[in-house]
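One structure is given below, encoded as structure tokens.
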């Protein structure tokens, strides 16, 4: 199974361009996610994108991956548009993902966890998970995702 991993960072994209590996863009969060995907025995495709509704939507809609993990662009700044790009595409939302992510984040960052807009849902027949861009958020999020991914895919296929 192939998992698509998209890091959303305008500053990183301006500096490094469209790269195929997080090591080429000093993307620590992307590397954390890919290391866990490899460890779990899955394949991946990686993309680095600038913030923006259109590039994010196009990347998700064009992928042939079984699932997508988007890292970054989930904050409250005006340029953080990952949620605005993806949630309108959801045919079903997976609210438990964001709820559990925030609960686990509360244990690490305290009440600042209310700032996260981590989200997940189904786009067409593909689960898409949106994570904050920090390495600790990437580690927490991919851990939650990989534990339940097969189960999620099974239910989507029913």
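The values are calculated or read from the model by the stated rules, or taken from the named source; none is laboratory data. Here the structure is a predicted model, which is why all the values come from computation and not from measurement. Virtual Cβ from ideal backbone geometry, glycine too; neighbours counted across all protein chains shown.
Some points to look at:
- Among the candidates 69, 91, residue that is modelled with pLDDT of 95 or more, within 17 Å of residue 156 (Cα to Cα) and under 13 Å from the mean Cα position of the chain (by Cα): 69
- Residue 116 meets the stated requirement of being over 12 Å from the mean Cα position of the chain (by Cα), more than 21 Å from residue 42 (Cβ to Cβ) and crowded, with 17+ Cβ neighbours inside 10 Å.
- Residue that is surrounded by the fewest Cβ atoms within 10 Å (Cβ to Cβ) [pool: residues in the range 125-158 that are outside any helix (DSSP H, G or I) and without any contact (Cβ under 8 Å) to a residue 40 or more places away in the chain]: 158
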